[in-house]
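Novice: The following block contains the structure, expressed as structure tokens.
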């Protein structure tokens, strides 16, 4: 299915000028985009999946708020919006670079990545970005519309907050991509990283604040999490959306987020160099 | 039947041998999946630092329910591996031809060609959580309860298997790689919380359409002494058997369709 | 007479195929970004006739070569003969079974190898795969040992019996697949492209093995291939299919005799200067093709000229060092059959 669309972009001719490099990455984004189109049902069902997630937490929180009006500064409508917006943006920033690398390793095709005249991490991230742009149109927006129609959600706290939120979500993508790439590099050494992938999945769900706001965590956890990139994936963007971060607070949050984008990508690059030095290619 | 049992043991032993050949790797896989399962409790743990009860369910009652739901799920997950990859590997890549060329039932071959051994950690975690919760709740177990427990776990696993078999069989008609399995898979999460927190529509769906309620919630009500669900509790094995039969019918129709279209 | 169901018992042929037809419904796929978006919403149905009223029969102990281009209908035929696919029309009786109806019993009496896909378990050692097959096919211990011994000797499997299948080379894997397909001693063996992607040595080994098995067990073999040398080595009978229709079915030697149109003579000139006189020999129905400065290939119509006459003519006019007479290559005959679309 779609074999012709999977064809790799042509090698850049005549040196690796910046324009050429850009064209190559643009091509990877396009390939990611077209590939994703080929999965028909996934987008119809993806919307349903996200709807189910939000519904589950809607009912749980509804049961909880029957007894109290406000918990940790969140009223029910705010918390519901927190949950819904969290899942909506997840449909954008989500990617499975780690899984893709694991599959390449299992099929013994990793060497193919190494001989391509591009930075491996950038190639994976660019392709994932292509997919994300696609999901934005076919998954994120429809999901947002449906959720907003069914559940009583709040609008963004203001134009400035909304702009900050969008920028923040864009950076979330790169933090997640960076983390996934790091996890993917472990695939090179392990025969089966399914367990590891699942552990990462649940770790991100919990510590990004997707399931429950970070401020609900015990004090010790909150302090520890402040030194980690996870809450900048979901908690921080949604706080900006809700207006729980304002003015300088937004700027500061975005700054730290930017730091984590570069930190995670740099870590991924370092891990890749380290791992690819001792690549063992399984089978033929 | 005896022959199939023998074959099952052989298949399982073969696969276990392969996995255990890389011991370190298997241990990492086992413990990282266990970490994933434990992290899954994170939401409930954090939540109950802020609230005393979810409806009239205490912390340990919720833990009991969550823990119980993992046990049949773990058993199901051991054999479910091939189901997730079925459309890709068996239909699109054509491995199903090989299945058809062998003198053993197709379903048997597909389920037992590969095992996800590390999923047994879910069973272990589930039993540990149920045991701890039961102790904290001072539940007294009679001999019959142990028997019921086994019946409930078996029925639960059968319900999961039946539901996902039906969904997998859809690949026989539609070749799209990612179908309706993921959304339904996510509905498993519904079963970790009391059915009573949902609205009537979802309660109905989780009971009679995608009967995950019969795999986790209704069984636990009995052990937690919630008498108003006794009828549902006794229905659990019946629902499991019904859905299992339905699944076999759908599967066989799918095989027939494959043979006429040869996707 | 053939419509009489009683006839199943009185037929002597091992495989009897009558008007076999298979139609597929597929969707048209559009290319590119725009096409992908269109595919998302509407898909266009088309019906393809992969196999179209095919009729033939195979006697016990025969080795039959079934050839055709990609998509000609070879694999679809094999799939119907092995019970994987249910025919749209016509019927198949093999080994006394209707394959798709009695599939599970039937599979115990046939062996199948698909060249492009292994029938073995990818992750486990070859010998373990064999043990699983022994259980699946309920092969008695004594038979299993005997046949395993025989195969590992002829096919030389000993060295990698304990290697996982995924680590084998294509040739090694194919040998294991062949052994696996014959462990339960089926009287009928289907091979779909058994030599695809193999090197010359590996091909040869497989061919020798098939001949040996055919000789020892009288195993009936139907193989598809697009390597015609497989057929020349193995089978006396050839069936050619194209666009779902059988174009030729008969003896290979007979086909050559009847359908070969020309013979060819390859000759080496004594020196380059001789080439100037070449024009003298390329008359009516004789063509000459240059291979290199001193090597030429001359083709002539078998009906119009005899080899003796052509060669006499050649040596009289040119100074020639060496001459080889060859029949028309089978590839050329087959190509012509495809082009003409039908053979009387």
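Every read-out reported here was derived from the displayed coordinates using simple, explicitly stated rules and does not represent laboratory data. Source: prediction; values computed, not measured. In this analysis, Cβ positions are derived from the backbone assuming ideal geometry, glycine residues included, and neighbour counts consider all displayed protein chains.
Novice: Can you give the Rg to Rh ratio for the protein assembly as shown, taking only C-alpha atoms and Rh from Kirkwood? Let's see the in-between values first.
Specialist: Details: Rg = 33.4 Å, Rh = 31.9 Å.
Result: Rg/Rh = 1.05.
Novice: Could you work out how far apart the two model spin labels at residue B:9 and residue B:145 are, taking each label as a point 7 Å from the Cα in the direction of the beta carbon, and quote it in nm?
Specialist: That separation, rounded to one decimal, is 3.4 nm.
Novice: So what are the three principal axis dimensions of region C:220-294 from its Cα atoms, in whole Å, longest to shortest?
Specialist: Here the spans come out as 55, 24, 22 Å, largest first.
Novice: Can you tell me the FRET efficiency between residue C:145 and residue A:201 if r is taken as the Cβ-Cβ distance and R0 is 41 Å, rounded to the nearest 0.05?
Specialist: After rounding to 0.05, the efficiency reads 0.25.
Novice: Over chain B, calculate the relative contact order: mean separation of alpha carbon pairs under 8 Å at least 6 apart, over the residue count, as a percent. Walk me through the numbers on the way to the answer.
Specialist: Details: 279 pairs, mean separation 65.2, N = 263.
Relative contact order for chain B comes out at 25 percent.
Novice: If you restrict to DSSP beta bridges whose two residues both lie in the protein assembly as shown, what percentage is antiparallel, to the nearest 5? Could you put the intermediate results ahead of the total?
Specialist: Details: 48 of 67 bridges.
Percentage antiparallel, nearest 5: 70.
Novice: A further question follows. Please give the helix B:59-84 orientation as an angle from the longest Cα principal axis of chain B, in degrees from 0 to 90, rounded to the nearest 10.
Specialist: Here the helix axis deviates by roughly 0 degrees.
Novice: Enter the angle in degrees (range 0 to 90, nearest 10) between the Cα long axis of helix C:141-154 and the first principal axis of the Cα atoms of chain C, meaning the one along which they spread out most.
Specialist: Long axis of C:141-154 versus the principal axis of chain C: about 20 degrees.
Novice: Over all directions, how big on average is the projection of the convex hull of the alpha-carbon atoms in chain C, in square nanometres?
Specialist: Details: hull surface 99.3 nm².
Seen from a random direction, the Cα hull of chain C projects 24.8 nm² on average.
Novice: Could you work out how far apart the two model spin labels at residue A:159 and residue B:49 are, taking each label as a point 7 Å from the Cα in the direction of the beta carbon, and quote it in nm?
Specialist: 4.0
Novice: Between residue C:162 and residue B:227, how many nm apart are label points set 7 Å from Cα along the C-beta direction?
Specialist: Here the answer is 6.6 nm between the modelled labels.
Novice: If you scale each eigenvalue of the Cα gyration tensor by 5 and take the root, what three semi-axes come out for region A:18-276, rounded to whole angstrom and sorted largest first?
Specialist: So the three semi-axes of region A:18-276 are 32, 20, 18 Å.
Novice: Note the full-extension length gain between residue A:189 and residue A:96 as 0.36 nm times their separation in residues minus their Cα-Cα distance, in nm to one decimal.
Specialist: Details: separation 93, 0.36 × 93 = 33.48 nm, distance 1.83 nm.
Value of the extension gain: 31.7 nm.
Novice: Return a whole-number percent for the relative contact order of chain C, with Cα pairs under 8 Å and 6 or more residues apart as the contact set. Please report the intermediate quantities before stating the final value.
Specialist: Working: 567 pairs, mean separation 60.9, N = 344.
So the answer I get is 18 percent.
Novice: Based on alpha-carbon atoms only, what is the radius of gyration of region B:2-261 relative to the globular estimate 2.2 N^0.38 Å? Working shown, then result.
Specialist: Details: Rg = 19.3 Å, N = 260, 2.2 N^0.38 = 18.2 Å.
The reported ratio for this selection is 1.06.
Novice: Principal axis extents for region A:133-281, Cα atoms only, whole Å, descending order, please.
Specialist: 52, 34, 27
Novice: Here's another thing I want to ask about it. Considering Cα pairs under 8 angstrom that are at least six residues apart, work out the relative contact order of region B:9-128 and quote it in whole percent. Provide the component values of the computation, followed by the final result.
Specialist: Values: 93 pairs, mean separation 51.8, N = 120.
That works out to 43 percent.
Novice: Roughly how compact is region C:262-327, stated as its Cα Rg over 2.2 N^0.38 Å to two decimals? Don't jump to the answer; show the numbers that get you there.
Specialist: Numbers: Rg = 10.7 Å, N = 66, 2.2 N^0.38 = 10.8 Å.
Dividing the Cα Rg of region C:262-327 by 2.2 N^0.38 Å gives 0.99.
Novice: Quick one: angle between helix C:170-182 and the longest Cα principal axis of chain C, in degrees between 0 and 90, rounded to 10, please.
Specialist: 50
Novice: Now for a different question. Return C:312, A:154 ranked ascending by Cβ neighbour count within 10 Å, so the fewest neighbours appear first. Don't skip to the end; give the middle numbers.
Specialist: Details: C:312 11, A:154 17.
Going from sparsest to densest Cβ surroundings: C:312, A:154.
Novice: For region B:178-263, take N as its residue count and report Rg(C-alpha) divided by 2.2 N^0.38 Å. Write down the numbers at each step before the final one.
Specialist: On the way: Rg = 15.9 Å, N = 86, 2.2 N^0.38 = 12.0 Å.
Ratio of Rg to 2.2 N^0.38 Å for region B:178-263: 1.33.
Novice: If R0 is 22 Å, what FRET efficiency do you get for residue C:338 and residue C:303 from their C-beta distance, rounded to 0.05? Display every interim value, and only then the final one.
Specialist: Details: r = 22 Å, r/R0 = 1.00.
The calculated FRET efficiency here is 0.50.
Novice: Rank these for me by crowding, B:137, B:73, B:100, going from fewest to most other beta carbons within 10 Å. Intermediate results must be reported in sequence, preceding the final value.
Specialist: Details: B:137 16, B:73 26, B:100 21.
Least crowded to most crowded, the residues run B:137, B:100, B:73.
Novice: Suppose R0 equals 30 Å; then what is the FRET efficiency for residue A:256 and residue A:22 from their Cβ-Cβ distance, rounded to the nearest 0.05? Intermediate results must be reported in sequence, preceding the final value.
Specialist: Working: r = 28 Å, r/R0 = 0.94.
The calculated FRET efficiency here is 0.60.
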